[in-house]
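Everything on this sheet refers to the single structure shown next.
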There are 2 protein chains.
Amino acid sequence: MTNVNIKAICQQARQAALQLAQLSEADKNQLLLAMADQLEADSVMILAGNAKDMAAGRDKQLAEAMLDRLLLTEDRIKTLANAVRYIAALPDPVGQIRQMVPRPNGIQVGKMRIPLGVIAMIYEARPNVTADAGALCLKSGNAVILRGGREALYSSMAIADALHKAMAKHGVNPAAISVIPDPDRALLLELLQQKDSVDLVIPRGGEGLIHFVSDNSKIPVIQHYKGVCHLYVDQDADLQKAIALLINGKVQRPSACNSLETLLVHQAVAPQFLKLAAAALASEQVDVFACEQSALYFSNAVLAQPQQFDTEYLRLAISVKIVSDYDAAIAHIQQHSSDHTEVICTQNISTAQRFLKQINSAVVMVNASSRFSDGGELGLGAEIGISTSKLHAYGPMGLESLTTEKYIVIGDGQIR
Amino acid sequence: MTNVNIKAICQQARQAALQLAQLSEADKNQLLLAMADQLEADSVMILAGNAKDMAAGRDKQLAEAMLDRLLLTEDRIKTLANAVRYIAALPDPVGQIRQMVPRPNGIQVGKMRIPLGVIAMIYEARPNVTADAGALCLKSGNAVILRGGREALYSSMAIADALHKAMAKHGVNPAAISVIPDPDRALLLELLQQKDSVDLVIPRGGEGLIHFVSDNSKIPVIQHYKGVCHLYVDQDADLQKAIALLINGKVQRPSACNSLETLLVHQAVAPQFLKLAAAALASEQVDVFACEQSALYFSNAVLAQPQQFDTEYLRLAISVKIVSDYDAAIAHIQQHSSDHTEVICTQNISTAQRFLKQINSAVVMVNASSRFSDGGELGLGAEIGISTSKLHAYGPMGLESLTTEKYIVIGDGQIR
């Protein structure tokens with residue numbers, strides 16, 4: 001553990017947040033564009049930092065997938081800079097006023113959107129998060145404290161150096177984007193105690209990291225453990241649409257959290273649909289864990305154990321169950337949902353409306369792929385995380401989730 | 001400690017919440033009206049429970065003010081029932097859809113308001129909270145777990161019995177409004193661990209209770225410690241308005257959290273304004289703790305110690321300070337604010353706009369009394385609490401603060 005003063009870092013971030021909250025949208029956009037340019041201009045320095053991380057990663061024999069996630073190239077730095085430019089182009093939520101309503105005594109009452117203040121991002125080995133989260137927090141007027149994993153430390157510090165150069169040129173306090181220069185867990189623990197200067201903690205990474213953060217934080221934490229997403233094929237489903245939703249939901253990117261993990265099929269359409277599904281899943285080499293009734297339709301299905309209906313496979317595997325009716329499907333989802341994303345396939349508008357109302361997961365869909373459960377696809381512009389707990393934000397989080405609303409009141413001397 | 005199974009109470013509340021979330025607004029309103037009638041019909045039983053609490057309170061020699069807060073009468077039960085009727089008449093936020101926006105691929109994306117699920121209210125000796133919080137949570141589709149103080153236990157249980165009778169007649173699970181029948185702290189601690197079945201904790205009471213709850217809770221907590229509200233009298237203030245705001249803000253109900261605790265005065269108007277203020281405050285017998293400069297204007301002022309500018313007096317006392325200019329006022333407020341309510345008195349629209357933007361307390365006012373920092377006055381209908389931390393809710397909380405938004409997506413078979 002090096003000599004890092006966590007408390008001072010947090011207090012300086014809070015100081016910087018006061019300045020950031022007052023920047024105009026134009027100022028923030030200019031700064032973001034300058035940060036993007038500086039990332040490209042400093043690519044040699046960033047690649048040098050990344051080379052150190054890569055060498056250490058190879059020494060530690062990190063898995064190839066992990067090394068690839070860690071690797072930066074000229075092209076990837078360009079992509080990173082373009083992501084920052086994209087964030088500059090998004091509308092700024094800060095300062096938006098939601099209606100001004102006159103009260104009987106003549107005072108006007110409205111709500112104005114403001115930054116949260118200081119946000120701590122806890123993440124693992126993705127160096128791009130450093131630029132991405134830095135840009136999203138800055139755009140929404142928040143200071144950010146970045147605590148990435150050991151594997152990407154030198155890359156992150158080099159990226160932050162480039163951002164700080166642009167900030168210095170624009171007279172913005174560098175503490176607005178702070179990098180914790182040591183990924184020691186004791187320091188992380190200390191960071192999680194700073195509730196007087198940090199407003200929100202967003203952990204991104206594996207379940208272990210998220211549990212550690214939420215178990216130990218005195219600061220509110222946005223939680224997202226896993227996505228056990230369901231597709232329910234209703235008796236009134238268009239079976240061709242259902243097959244497309246099934247295959248896209250499972251196969252497109254099996255490791256993403258919006259991937260389908262469980263298929264529920266109404267018994268009335270099970271014989272016809274499961275024959276089609278069995279062929280389609282087999283041709284994509286998806287492992288099937290089936291309930292007793294549905295197993296008959298698959299040549300290679302394994303009988304599903306009860307815990308499988310709570311499993312996030314994150315690979316080409318799916319649980320399958322036949323349900324007696326709509327209510328049984330709802331009951332199954334309510335029992336096993338991870339509050340992430342659930343999909344119904346039906347042509348019946350009444351059934352669709354009931355599903356939209358009855359299922360209270362973060363994203364509820366009718367006849368659309370679970371893959372659209374993503375900040376970009378839902379129109380948020382960019383995503384800083386996804387929440388599966390209902391407080392403050394629920395579902396994919398964009399810029400608005402990094403803000404809150406205060407009341408504003410304009411009177412002319414009224415008293416009570 | 002009696003034999004109370006906290007975990008079972010919470011799990012039953014979660015079960016009940018599923019039913020509540022699906023009730024129509026009409027169903028909920030009918031139930032609330034029936035609950036109000038039942039409170040009046042059961043007044044003898046409720047008064048009997050209250051008599052037990054009052055007798056115990058007198059034995060324990062509770063202060064008169066406390067005993068008065070505890071006391072129920074026929075009239076007070078009528079007031080309580082009318083508050084429930086008033087909540088029935090408020091608009092239901094559940095099910096509201098915030099725009100449906102088409103995406104380029106034709107899917108429609110919207111947000112639908114849903115209940116949080118299960119809310120735990122932790123409060124002290126006010127029996128009316130039992131009916132009030134029960135009605136607000138029910139109206140917003142949430143189950144509630146009520147943990148009141150020992151002093152009001154029999155009153156609370158009698159009130160809950162009446163509510164349960166009405167719920168039984170309407171086929172609503174009584175676990176939707178659960179009372180913890182034992183105020184033992186060990187049980188409270190256990191309640192605060194039930195993060196799998198409780199979504200939000202709202203403590204109402206003294207700072208000690210709120211600190212205990214937020215230090216020990218694994219569940220998100222709405223925090224509100226204190227209100228150190230500021231009035232800044234600008235160089236461009238209308239001094240007559242300023243005097244009215246000052247006296248109303250300090251004198252109307254000194255013990256409420258929206259009471260003024262600090263007066264800041266621009267040096268340009270200090271001589272003229274402080275003469276008026278000294279006379280007005282003296283005639284209301286308000287104790288003044290003044291900075292060195294301002295002390296000259298008061299006949300009986302005590303010199304303010306630094307910590308006084310962080311003090312919530314909750315009585316007829318106020319801190320006074322002369323500031324050199326607008327920026328000094330902002331700096332003082334940012335340093336000492338409790339993020340509750342701040343007021344500027346000015347006729348200058350540019351100064352007013354700057355203040356509305358620069359101060360990020362929960363309620364920011366121009367030329368209006370801090371007394372309007374109240375759910376009813378701001379138009380929320382009813383208030384379940386007030387938050388001075390920015391996550392989820394900020395400022396007075398009405399029905400909408402007891403809900404969140406999920407994404408809804410309607411497609412026609414689109415995949416990614």
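All of the numbers you see were taken from the coordinates with simple rules; none came from a lab. Because the structure is a prediction, the values reported are computed rather than measured. With ideal geometry, Cβ positions are generated from the backbone for all residues, glycine too; neighbour counts draw on all protein chains shown.
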* **Pairwise FRET efficiency - B:ASP184 versus B:LEU33, Cβ, R0 = 35 Å, nearest 0.05** => 0.50
* To do: Only Cα pairs under 8 Å and at least 6 apart count here; give the relative contact order of chain B as a rounded whole percent.
  => 18
* For A:GLN96, which inter-copy label distances result when the label point lies 7 Å beyond Cα on the Cα-to-Cβ vector, reported in nm to one decimal and in ascending order? -> 1.5
* Dipole-positive endmost among A:GLN334, A:ALA304, A:PRO174 within chain A (Cβ charges, Cα centre) -> A:PRO174
* Using the Kirkwood radius over Cα pairs, work out the Stokes-Einstein diffusion coefficient for segment B:139-227 at 10 °C and 1.306 mPa s, in µm²/s as a whole number. => 112
* Using a simple spin-label model with points 7 Å from Cα along the Cα→Cβ vector, what separation in nm is obtained for B:SER324 and A:GLN293? -> 8.0
* Per q in 0.10, 0.15, 0.18 1/Å, what log10 I(q)/I(0) does a Debye calculation on the alpha-carbon atoms of segment A:229-377 return? -> -0.28, -0.65, -0.99
* To do: About the Cα centre of segment B:229-377, how large is the charge dipole given +1 on each Lys and Arg Cβ and -1 on each Asp and Glu Cβ? Please answer in debye to the nearest 20.
  => 220
* Asked: Put a point 7 Å out from Cα along the line to Cβ at B:ALA168; what are the distances to that point in the other copies, in nm, shortest first?
  -> 7.5
* Asked: Can you give the angle from 0 to 90° between the axis of helix A:349-358 and the longest principal axis of chain A, with both taken from C-alpha atoms, to the nearest 10?
  -> 50
* Asked: If you keep only loop residues by DSSP, which trypsin sites (Lys or Arg not before Pro) in segment B:259-347 have at most 12 other Cβ atoms within 10 Å of their Cβ?
  -> B:ARG315
* **Student exercise, chain A dipole from Lys, Arg, Asp, Glu Cβ charges, in Debye to nearest 20** => 860
* **Computed FRET value (nearest 0.05) for A:LEU209 with A:GLN272, which takes r as the C-beta separation and R₀ as 51 Å** => 0.70
* Asked: Which residue of chain A is nearest the rotation axis onto chain B, counting by its Cβ, and what is the distance in whole Å?
  -> A:HIS392, 2
* Asked: Can you give the mean number of other chain Cβ atoms that lie within 10 Å of the Cβ atoms in peptide B:367-380?
  -> 5
* Asked: To the nearest 20 debye, what charge dipole does segment A:324-386 have about its Cα centre, counting +1 at the Cβ of each Lys and Arg and -1 at the Cβ of each Asp and Glu?
  -> 140
* Asked: Relative contact order, percent, of segment B:229-377 when contacts are C-alpha pairs under 8 Å separated by at least 6 residues?
  -> 33
* **Computed E for B:ARG253/A:LEU314 - FRET, C-beta separation, R0 51 angstrom, nearest 0.05** => 0.35
* Per DSSP H run of n ≥ 4, the term is -39500 (n - 2.57); total these for chain B, divide by its residue number, and report the mean residue ellipticity at 222 nm rounded to 500 deg cm²/dmol. => -13000 deg cm²/dmol
* After finding the eigenvalues of the alpha carbon gyration tensor for segment A:104-175, what semi-axes result from the square roots of 5 times each, listed largest first in whole Å? -> 33, 15, 8
* Over segment A:9-161, what is the mean sequence separation of C-alpha contacts under 8 Å (at least six apart), divided by residue count, expressed as relative contact order in percent? -> 33
* Shortest first and in nm with one decimal, please list how far the B:GLN108 label point sits from its counterparts in the other copies (point 7 Å along Cα→Cβ). => 3.3
* **Calculated P(r) of the protein assembly as shown - Cα pairs past 46 Å, %** => 30
* Structure fact -> Shielding of B:116-129 by other chains, given as the mean Cβ count within 10 Å, works out to 1
* Structure fact -> Cα-based Rg then Dmax for chain A, in Å, read 24.1, 79
* To do: Among B:ILE322, B:ALA362, B:VAL269, pick out the residue whose Cα is farthest towards the positive end of the charge dipole of segment B:229-377, where Lys and Arg carry +1 and Asp and Glu carry -1 on C-beta, about the Cα centre.
  => B:VAL269
